[in-house]
1. Just going by the charge dipole of the protein assembly as shown, with Lys and Arg at +1 and Asp and Glu at -1 on Cβ, which of B:Ser141, B:Ile72, A:Gln19 is farthest out on the positive end?
2. Label position 7 Å from Cα toward Cβ: report the copy-to-copy distances for A:Gln28 in nm, one decimal, ordered from shortest.
3. Let me know the mean shielding of A:114-125 by other chains, meaning the per-residue number of their Cβ atoms within 10 Å of its Cβ.
4. About the Cα centre, and with charges only on the beta carbon of Lys, Arg (+1) and Asp, Glu (-1), how big is the dipole of region B:96-151? Nearest 20 debye, please.
5. For chain A, take the alpha-carbon Rg, divide it by the Kirkwood Rh, and send me Rg/Rh.
6. Stretch B:Ala147-B:Arg83 to full length: gain in nm at 0.36 nm per residue minus the Cα-Cα span?
7. Two-decimal Rg/Rh of region B:1-59 from alpha-carbon positions, Kirkwood Rh?
8. How many percent of all Cα-Cα pairs in region A:104-151 sit more than 16 Å apart?
Protein chains: 2
Amino acid sequence: MSDLHPLSDHIGFMLRRAQLSVFQDFQQRTEGFDLTPAGYSVLAILDRHPGMRQNKLTNLLALKPANCVTLINGLERRGLVVREKIKVAGRAVALSLTGEGKTLLAEMDIQVEEHLSLMRQRLGSEDHAELLRLLRKLVESGGEALADDLL
Amino acid sequence: MSDLHPLSDHIGFMLRRAQLSVFQDFQQRTEGFDLTPAGYSVLAILDRHPGMRQNKLTNLLALKPANCVTLINGLERRGLVVREKIKVAGRAVALSLTGEGKTLLAEMDIQVEEHLSLMRQRLGSEDHAELLRLLRKLVESGGEALADDLL
DNA sequence: TATTGTTATACTCTATAACTATA
DNA sequence: TATAGTTATAGAGTATAACAATA
């Protein structure tokens, strides 16, 4: 097992390298949509869970609240997302996609699906599924809930 | 398969989450050494491959040359690494650890081994090996050579 | 003169603390 | 007054282009 690269069995290093490779393909394919992976994530989540609070979104994406604000501001300014005040606690806000947001997401999803396809192709279907399983296991074993109490 | 988190089968998203989790543990355990994961990587590689050129290091770590300079500057200023001019081509430089660099690395490696142990424990030995294999496969299938022509 | 390294700089991401608004 | 969000700001990480030094 290659002692060639002394870091090739450091999980953190390999995760970084893998992420680099995957993000690069993602970004190339979604050029022109002017959405970072993070921005895309927001749209993708709000599409399936409209009315989600910023709070919750922050947890699901593992962002800091302050940075989430900036992210949403940008999406709102572009008319992709709306904030609606709700009466639950404090300053709470419900987030949803606008029609424009849904449209953009749908268009972008075509590219994203191709991206996911290529990743699956690069690994082979079986290994691809296995990798996802292992990543979930790693994250969850670290005490991070992936889906938390989603609702 | 949880449609709970709409992104849990996006490889890029999961890689980010996993890296977050792994790096967090790495950083906690190596607090006090005042070395980022990148800085550690440099020491670890130079320890096993003394005399390596900056050039090559840049490739192995997937850094930009300009950023590698800054990184090495810091390590050199701290007396952990030395640059020696060599006569190959252009401005070429050979990098090596100083005694101090070796000492620091050795101390840090104790913590790093504990970190790697925990990761192995979190996944189980078998899954841990499997994850490494899949990450390597993913990176290499992306056209990135992990060990290149290392020498 | 091609190769390698360096400088300067800017942009994005992430992190922290202090502040605001509302049930 | 606890909760949710916001502002301001600083630091790390990463990217690009133009430049310098040497075989």
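1. Ranked along the dipole, the leading option is B:Ile72.
2. The projected label point of A:Gln28 is separated from its counterparts by 3.7 nm.
3. Working: counts 0, 3, 4, 0, 2, 6, 2, 1, 8, 5, 3, 0.
What the average comes to for A:114-125 is 3.
4. For region B:96-151, the charge dipole is close to 160 debye.
5. Details: Rg = 17.6 Å, Rh = 17.4 Å.
Dividing the radius of gyration by the Kirkwood radius yields 1.01.
6. This chain segment gains 20.8 nm when fully extended.
7. Across region B:1-59, the Cα-based Rg/Rh ratio is 1.18.
8. For region A:104-151, the fraction of Cα-Cα distances above 16 Å is 58 percent.
No lab work stands behind these numbers, since they all come straight from the coordinates. This one's a predicted model, so the numbers in the text were calculated from it and none came from an experiment. Virtual Cβ from ideal backbone geometry, glycine too; neighbours counted across all protein chains shown.
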